[in-house]
Amino acid sequence: MDIMLKRLYVLLILLFSVFSLANACDFTFKMNGNKKECHPGDIIEVTVELTLTHRVCNVAPSQTKFKIDGIKVLSASEWKQISPTKYERTIKMEVLKDNKKNITLLATRTCNKEGGSGMFTLPKS
């Protein structure tokens, strides 16, 4: 009985992992300069990469919603298709002079396949 429970447990973990990967969009963020922190007035460029892990999506990359905190967007490129399932865009931002401890850039997508979200954050000093 004990070995049966272990097998069931492993099977459930594998099924959950596969299901979660198959139903979400994935975001990665790359900051030009690889800073560890930022200061008020700094100009930061972040490249957002969107990967459609469920392959075909009826929601265009341009319908991705962004929420910002502690920063002001100065400019943003259009989404550029890198491969059949990958898109990217670069966002240029200015760090605001406020009392926030971090800056954040939150990207979210909503669709009938669970959508997805990702967040870029950086400490502010």
**Message:** Straight-line reach from LYS36: which lysines fall under 20 Å, measuring Cα to Cα and dropping same-chain residues less than 8 apart?
**Reply:** LYS72, LYS92, LYS97, LYS100, LYS101, LYS124
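Is the shape of the stretch 74-125 best called rounded, prolate or oblate, per the rule: a/c under 1.5 gives rounded, else a/b larger than b/c gives prolate, else oblate, with a ≥ b ≥ c the square roots of the Cα gyration tensor eigenvalues?
Numbers: a/c = 3.12, a/b = 1.69, b/c = 1.84.
Oblate shape, in that a/c is at least 1.5 and b/c is the bigger or equal ratio.
Where Rh is the Kirkwood radius over the Cα pairs of the stretch 33-125, the temperature 4 °C and the viscosity 1.567 mPa s, what D in µm²/s does Stokes-Einstein return? Could you put the intermediate results ahead of the total?
Details: Rh = 14.2 Å.
The calculation lands on 92 µm²/s.
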**Message:** Quick check: residue separation of GLU49 and PHE66 times 0.36 nm, minus the Cα distance between them. What number comes out in nm?
**Reply:** 4.8 nm
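Laboratory data are not the source of any read-out in this text; all were calculated from the coordinates shown. Since the structure is predicted, the reported quantities are computational estimates derived from the model, not experimental observations.
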